[in-house]
Amino acid sequence: MAVIEAPAKRVELGIGYSTDTMYRATASWRNNNFNDAGWRLRSDARLETKIQSAGVAIDLPERAGWSDSIGTKVERTDIEELVTEQFSFGCSAAR
């Protein structure tokens, strides 16, 4: 059995259609060695007819059994003439 490592950087793009939110385009970017420090950077964006969102998060290398991460996200919706805008920021330390 051979182990094949995934690339350190990865981009994903997509387009689609659903009956709920209609047209959509998505993009995500992953960098598993951001800043050459072993940080994992995750970012994504989603553009739909009724919902738009973008987010970014950084996962720090595990230390002494702890996994730390920090991230932010923005989202705007316009569904049946109800417009909402949301911004969130968070950090976590998990064992």
For segment 41-95, the Cα convex hull volume per residue in Å³ comes to 65
In debye to the nearest 20, how big a dipole does the chain give about its Cα centre with +1 on each Lys and Arg Cβ and -1 on each Asp and Glu Cβ?
-> 360
Here the relative contact order (percent) of segment 1-56, from C-alpha pairs under 8 Å and at least 6 apart, is 27
Under the 7 Å Cα-to-Cβ spin-label approximation, residue 36 and residue 49 lie apart by a distance in nanometres of 4.8
Could you work out the local net charge near residue 29, counting Lys and Arg as +1, Asp and Glu as -1, over the other residues with Cβ closer than 9 Å to its Cβ?
-> +2
Take segment 1-48, drop everything but the C-alpha atoms, weight them equally and run the Debye formula without solvent; then report log10 I(q)/I(0) at 0.29, 0.32 Å⁻¹ to two decimals.
-> -1.00, -1.09
Estimated translational D of the chain in µm²/s (Stokes, Kirkwood radius over Cα pairs; 25 °C; 0.890 mPa s) | 159
Identify the residues of segment 36-56 with backbone N under 12 Å of a label point that sits 7 angstrom from the Cα of residue 66 along the Cα-to-Cβ direction, or state none.
-> none
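No lab work stands behind these numbers, since they all come straight from the coordinates. Bear in mind the structure is a predicted one, so any value in this text is a computation, not a measurement. All Cβ positions, glycine included, derive from the backbone under ideal geometry; neighbour counts span all protein chains shown.
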